[in-house]
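The structure appears below as structure tokens.
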Amino acid sequence: MKILWLCNIILPQVSAELGVPSAVSGGWLSLISEKLSERENTELCVCFPGGSLGDRDFTSGKLICRSFSGSSLKERFRKIIKSYDPDIIHIFGTELSHTLVMLQVCRDRGLLDKTLVTIQGFAAKCAEAYYADLPGRVVKAYSLRDFLRGNSIKDQRNDFADRGEDETEALKIARNVSGRTAWDEEYVRSLNPDVNYYRCNETLRAPFYENKWELSNCERHSIFVAQSNYPLKGFHLALKAMTDIVAEYPDAILYTTGQDPLKLSFAQTLRQTYYQKYIGKLIKKYKLENNVVFLGRLDAEGICGRLLKTNVFVCCSSVENSPNSLCEAMILGVPCVSSAVGGISSLAEDKKECLFYKWNRPDKLAAHVKKLFLNEYLAQKQSAAARERALKTHDPETNFSTLLSIYDDLKK
């Protein structure tokens with residue numbers, strides 16, 4: 001079986017061989033690609049945005065690689081499909097415009113029945129929820145960097161909306177879609193009632209299967225939010241919740257990734273987005289300078305290590321489908337609090353494996369975190385239940401077997 005993947009990123013193992021920067025995400029794709037490459041009578045070609053690589057054909061280990069740039073994209077995809085002649089075409093993600101172009105090429109060549117589109121998130125839904133209750137004055141504001149790049153908060157939201165239009169057209173063309181949540185299935189079917197929808201859960205990155213959270217080993221009253229760099233991740237709402245938490249637990253620490261907006265060099269300040277500036281202003285306004293820690297860029301091992309030390313993990317987004325950060329926390333057994341948005345209810349049961357709250361109620365977020373700080377029995381009970389469920393949801397062998405069965409179905 002010859003399989004062609006279209007990915008949004010260079011796979012980590014390929015970027016390492018090329019000596020180019022690796023995306024923080026994508027480790028799960030590496031695991032699946034390695035398992036496919038090990039199978040007899042199976043060949044995998046991975047197609048991805050090349051950036052400075054441009055359009056290149058090369059091999060990396062057992063992987064056949066095809067990079068593409070922004071120019072003449074349709075012609076590049078036609079050439080790749082014609083030369084490689086795949087049995088199956090698997091497109092990961094609908095958020096970027098190359099998905100639509102690839103589906104158009106597949107339609108032109110009569111290959112839609114052999115093409116699978118895997119849902120990651122929805123650009124159109126991100127556009128709807130992007131501002132996440134930001135004040136109007138913040139939405140309209142911009143930093144020097146935002147102005148020079150034409151990338152203000154409004155511009156970012158509009159970019160999601162534009163990509164959402166291509167995404168909608170792509171989903172209307174697709175005949176076969178795989179997803180992981182009731183929410184993504186409902187949305188896809190609302191756009192394309194005749195689509196063949198396959199449920200296939202995601203396999204996580206390796207370190208999260210090899211470790212287990214213990215209350216006795218964690219940093220008490222610590223919280224971890226995985227992302228803080230743009231509005232829909234809701235970090236500004238987490239800071240509001242921290243005012244309530246710190247009032248009762250003055251030693252509480254909120255950890256996140258990225259740069260500390262209050263500790264930037266002059267050059268870094270010039271490159272700062274307005275949202276980052278706003279986060280810095282909120283930290284000062286709420287007097288949280290000693291209660292918020294930015295950890296910089298973390299790889300899988302770094303995220304895993306931080307989670308193992310964390311008392312409570314928080315997902316505070318205004319929209320999500322199946323956030324890997326929540327899944328990774330659950331499989332380790334970290335007690336979790338999450339906004340009840342999108343597909344999250346397909347990942348965990350409220351009050352059993354996670355504590356849910358309405359995304360724009362930071363007071364409820366604070367109350368749930370404090371409950372888990374106070375009630376060790378509840379925290380440990382929830383930890384065990386979340387880990388048990390996540391180990392089933394993200395079982396590598398089960399999920400790989402499911403993927404192979406989908407491929408076999410498409411190949412018939």
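Mind checking which residues of the range 102-133 are crowded, with 20+ Cβ neighbours inside 10 Å and over 15 Å from Asn321 (Cα atoms)?
Within the range 102-133, Met102, Leu103, Val105, Cys106, Lys114, Thr115, Leu116, Val117, Ala132 qualify.
Applying the selection to the range 170-223, what residues are out of contact with any Asp or Glu (no Cβ under 9 Å at 6 or more places or on another chain) and exposed (fewer than 15 other Cβ atoms within 10 Å of the Cβ)?
Those that are out of contact with any Asp or Glu (no Cβ under 9 Å at 6 or more places or on another chain) and exposed (fewer than 15 other Cβ atoms within 10 Å of the Cβ): Lys172, Ala182, Glu186, Arg189, Ser190, Pro193, Asp194, Glu210, Lys212, Glu214, Ser216, Asn217.
Can you run down the residue pairs with Cβ atoms below 7 Å, 6 or more apart or on separate chains, where the first is in the range 80-103 and without any contact (Cβ under 8 Å) to a residue 60 or more places away in the chain and the partner is crowded, with 23+ Cβ neighbours inside 10 Å?
The qualifying pairs are Val101/Phe77.
For the range 260-276, which residues satisfy the criterion of being within 13 Å of Phe235 (Cβ to Cβ) and crowded, with 19+ Cβ neighbours inside 10 Å?
Pro261, Thr273, Tyr275, Gln276 - these are the residues of the range 260-276 that are within 13 Å of Phe235 (Cβ to Cβ) and crowded, with 19+ Cβ neighbours inside 10 Å.
If you scan the range 184-202, which residues turn out to be assigned to a loop (DSSP other than H, G, I, E, B) and farther than 23 Å from Ile331 by Cβ?
Here is the first cut: in the range 184-202, the residues assigned to a loop (DSSP other than H, G, I, E, B) are 192-195, 200-202.
Within the range 184-202, Asn192, Pro193, Asp194, Val195 meet the criteria.
Only one of these is without any contact (Cβ under 8 Å) to a residue 60 or more places away in the chain, farther than 25 Å from Gly342 by Cβ and aliphatic (A, V, I, L, M): Leu191, Leu144, Leu148. Name it.
Every option except Leu148 fails the conditions.
If a residue has to be under 23 Å from Tyr131 (Cα atoms) and among the charged types (D, E, K, R) to count, how many in the range 189-236 make the cut?
1
Does Arg157 meet the test of being assigned to a helix (DSSP H, G or I) and farther than 29 Å from Ser30 by Cα?
Yes: the conditions hold for Arg157.
Does Lys371 satisfy being closer than 21 Å to Ala247 by Cα and either touching a Leu at 6+ places or on another chain (Cβ under 8 Å) or in a helix (DSSP H, G or I) (or both)?
Criteria met by Lys371.
Please tell me if Ile91 is out of contact with any Cys (no Cβ under 7 Å at 6 or more places or on another chain) and either at pLDDT 95 or above or crowded, with 19+ Cβ neighbours inside 10 Å (or both).
Here the answer is yes, as Ile91 does meet what is asked.
Could you say which residue among Arg361, Arg387 is surrounded by fewer than 24 Cβ atoms within 10 Å (Cβ to Cβ), in contact (Cβ under 8 Å) with a residue 24 or more places away in the chain and not hydrophobic (A, V, I, L, M, F, W, C)?
Going through Arg361, Arg387 in turn, just one is surrounded by fewer than 24 Cβ atoms within 10 Å (Cβ to Cβ), in contact (Cβ under 8 Å) with a residue 24 or more places away in the chain and not hydrophobic (A, V, I, L, M, F, W, C): Arg387.
Name the single residue, out of those in the range 61-72 being surrounded by 13 or more Cβ atoms within 10 Å (Cβ to Cβ) and within 25 Å of the chain's Cα centre (by Cα), that is farthest from Ile9 (Cα to Cα).
The extreme case among them is Leu63.
Look at Phe77 and say whether it is in contact with a Cys (Cβ under 7 Å, 6 or more places away or on another chain), assigned by TED's automatic domain parsing to the domain that holds Leu171, crowded, with 17+ Cβ neighbours inside 10 Å and under 24 Å from Ala170 (Cα atoms). Give the steps one after another, and end with the answer.
Working: in contact with a Cys (Cβ under 7 Å, 6 or more places away or on another chain): no; assigned by TED's automatic domain parsing to the domain that holds Leu171: yes; crowded, with 17+ Cβ neighbours inside 10 Å: yes; under 24 Å from Ala170 (Cα atoms): yes.
Considered against the rule, which asks whether it is in contact with a Cys (Cβ under 7 Å, 6 or more places away or on another chain), assigned by TED's automatic domain parsing to the domain that holds Leu171, crowded, with 17+ Cβ neighbours inside 10 Å and under 24 Å from Ala170 (Cα atoms), Phe77 comes out as no.
Please tell me if Lys309 is farther than 28 Å from Val188 by Cα and surrounded by fewer than 22 Cβ atoms within 10 Å (Cβ to Cβ). If you could, list the steps in order and put the result at the bottom.
Values: farther than 28 Å from Val188 by Cα: yes; surrounded by fewer than 22 Cβ atoms within 10 Å (Cβ to Cβ): yes.
The answer is yes for Lys309.
I'm trying to understand the selection: among the residues of the range 189-207, which are among the charged types (D, E, K, R) and in contact with a strand residue (DSSP E or B) (Cβ under 8 Å, 6 or more places away or on another chain)?
Step one: filter the range 189-207 for residues among the charged types (D, E, K, R), giving 189, 194, 199, 202, 205.
Correct list: Arg189, Arg199.
The values are calculated or read from the model by the stated rules, or taken from the named source; none is laboratory data. Since this is a predicted model, take the numbers as computed values, not measurements. As a convention, Cβ positions derive from the backbone with ideal geometry for all residues, glycine included, and neighbour counts pool all protein chains shown.
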